[in-house]
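One structure below.
Each value in this text was obtained by applying a stated rule to the coordinates, not by laboratory testing. Note that this is a predicted model, so its numbers are computed, not measured. Quick reminder, even Gly has a Cβ in these numbers, built from the backbone with ideal geometry, and neighbours come from all protein chains shown.
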Amino acid sequence: MKEILNKFLNLSKNTRFLAVVGLSCSFLCIFLTYVKYTVLGLAVKIKLIDFFEGKLMILLILLNLMFIFKDYVKKYLPKLFENNIGRKIYDINDQRWILIPVALTVIFAFVVKGETKTEFLNIVYGLGFYLMWLGVISLVAFAFMYKNEKIKVALSTENKVNPNPTSESNVNIANEIRTEVTNEKVTQITKENQTKLESELVQNTQEQNSSKYCVNCGSKCDSSAVKCQACGKDF
């Protein structure tokens, strides 16, 4: 039992299966029987989709879907993030923001129940009611349990440098920096060599100007010498 619990916790922390369960249950509960009651011997089934609040719940589920799986949405449906709302959703990285649509979903469900005015009737909760709460619990658990860093990297905004050192964007940045550093080093080495050559050239010129060679023996003598120090020939 402990091993099964550990596997469940690891799965919850490293995958988005709780989000899949939560979104699936939240979506299905809208179309299934939410509550059922009898009036004068007639059974009446209430579905959330039959109310305006139920249609708003679909919108909230879609917003959560875009937020939780924005890496896939960005890959296959990038145009969804080109409007103002899409960009704001894409810029949010804290997964606990999904609790706002979840809370609104619960509120709308209770509003629908209140609109049916079933306080004094024989009420039976349908499958949609239980799926709704299963979806709520799953999404709340996902918001606090999911710790996988990979999705957080994938959800980072385009105008920020990706914190993942193995990402393609950072590799490109590292290559650019490495190229700039290499170019600076090459330039520095070239300047040093040029300075060294100029210094040697000046030194050679000065040496040539301060000395002369004997035409008889080829010995190097001081420029002010009258006779060759080697062979004694006059200059």
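For LEU104 and THR38, what does the FRET efficiency come to when R0 = 41 Å and r is the distance between their Cβ atoms, rounded to the nearest 0.05?
Efficiency at R0 = 41 Å is approximately 0.85.
How many nm is it between the label spots at GLN229 and LYS196, if each spot is 7 Å from the Cα in line with the beta carbon?
3.1
Show me 82-93, 44-55 ranked by packing, highest mean number of other Cβ atoms within 10 Å first.
Highest mean packing first, the order is 44-55, 82-93.
Once you put a point 7 Å from the Cα of PHE17 and another 7 Å from the Cα of LEU5, both along the Cβ direction, what distance in nm separates them?
Spacing of the two 7 Å Cα→Cβ label points: 1.8 nm.
Considering only Cα-Cα distances, which of the following residue pairs are longer than 23 Å: LYS55/LYS113; LYS7/LYS74; LYS2/LYS147; LYS74/LYS147; LYS55/LYS75?
LYS7/LYS74; LYS55/LYS75
For TYR72 and ASP91, calculate 0.36 nm times their separation in residues minus their Cα-Cα distance, and state this gained length in nm to one decimal.
Full extension from TYR72 to ASP91 adds 5.3 nm.
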